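Heads up: the structure comes next, in C-alpha cells.
The values are calculated or read from the model by the stated rules, or taken from the named source; none is laboratory data. Everything quoted here is computed from the prediction, not taken from an experiment. Quick reminder, even Gly has a Cβ in these numbers, built from the backbone with ideal geometry, and neighbours come from all protein chains shown.
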Amino acid sequence: MRRLLIAFAAALTASAAVAQPASVTAELKNSAGQTVGSVTLTEAPKGVLMRIEAKGLSAGWHGLHLHAKGDCSKSDFTSAGPHVHGSATAVHGLLNPQANEPGDLPNIHAGQDGMAAGEMFSTEVTLKGLRDADGSAVIIHLNADDHMTQPIGNAGARVACAVIK
C-alpha cells in the first residue's frame, strides 16, 4: 500500500510539473480610454488561441483584427497601424482566395446588452511574433467584416483596442 501511495504522489508531482503554455492578457479600451474588456492570447502548438470579452459595443456583428503595432494611443486607434500582414502585398479577407493577412479573424457578436465574448484560434500567427519589438494590437471595428472587401472588409471605424506586448 505504501508503494502505491508513493507512486501516486510521484504521478501527481509529475503532472503538476507540466509547463503551462505562454499567455498574455491585455485590457481592451474604448476611444475614451476606458477599459471595456480583455483579450487573452495563449500560445498553442500550431498557433494562438484568443479569448475576448468586451462590453459597451453596439448590438450586432463586429470585425476583429490583429494590427501590426502595439499602440492604442490615438483615440481612433490608427496608431495600431494596418493589419498584421503575411507578405509585402496585403490581401484581406477570410473568404478571399488570394487572402494572406494573418491579422484577419472571424467577427464577434454583441448582444442587445452590448456584451460580446468569444474564443478563436489562428494558425497564422505566434505569440512570439505578436509580441515582437513593437508589439501588436487587437482591434474591434464598428461593423461586421465582409471578409472580402479591401482593405478591411468594410468593417468601419475602430472602436476598441488592446495592446499586445
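Computed values, structure above
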item: Evaluation of residue 114 against (1) within 17 Å of the chain's Cα centre (by Cα); (2) under 20 Å from residue 31 (Cβ atoms); (3) surrounded by fewer than 17 Cβ atoms within 10 Å (Cβ to Cβ) (one fails), failing number; result: (1)
item: Residue satisfying condition, being part of a strand (DSSP E or B) and either without any contact (Cβ under 8 Å) to a residue 40 or more places away in the chain or not charged (D, E, K, R) (or both), within set 133, 88, 117, 99; result: 117
item: Residues that are under 22 Å from residue 76 (Cα atoms) and out of contact with any Lys or Arg (no Cβ under 8 Å at 6 or more places or on another chain), drawn from the range 118-141; result: 130, 138
item: Residue in the range 82-90 that is within 11 Å of the chain's Cα centre (by Cα) and of a type in the set (Gly, Ala, Ser) present; result: no
item: Residue count, the range 71-85 (criterion: among the β-branched types (Val, Ile, Thr) and without any contact (Cβ under 8 Å) to a residue 60 or more places away in the chain); result: 1
item: Selected residue (criterion: modelled with the lowest pLDDT) from residues of the range 83-107 that are among the aliphatic types (A, V, I, L, M) and surrounded by fewer than 20 Cβ atoms within 10 Å (Cβ to Cβ); result: 88
item: Candidates 133, 155, filtered to the one that is of a type outside the set (Asp, Glu) and either closer than 23 Å to residue 31 by Cβ or under 12 Å from the mean Cα position of the chain (by Cα) (or both); result: 155
item: Filtered residue count, the range 120-130, keeping only those that are outside any loop (DSSP other than H, G, I, E, B) and either among the hydrophobic types (A, V, I, L, M, F, W, C) or touching a Ser or Thr at 6+ places or on another chain (Cβ under 9 Å) (or both); result: 5
item: Test: residue in the range 49-63 that is at pLDDT 95 or above, within 13 Å of residue 140 (Cα to Cα) and of a type in the set (Ser, Thr, Tyr); result: yes
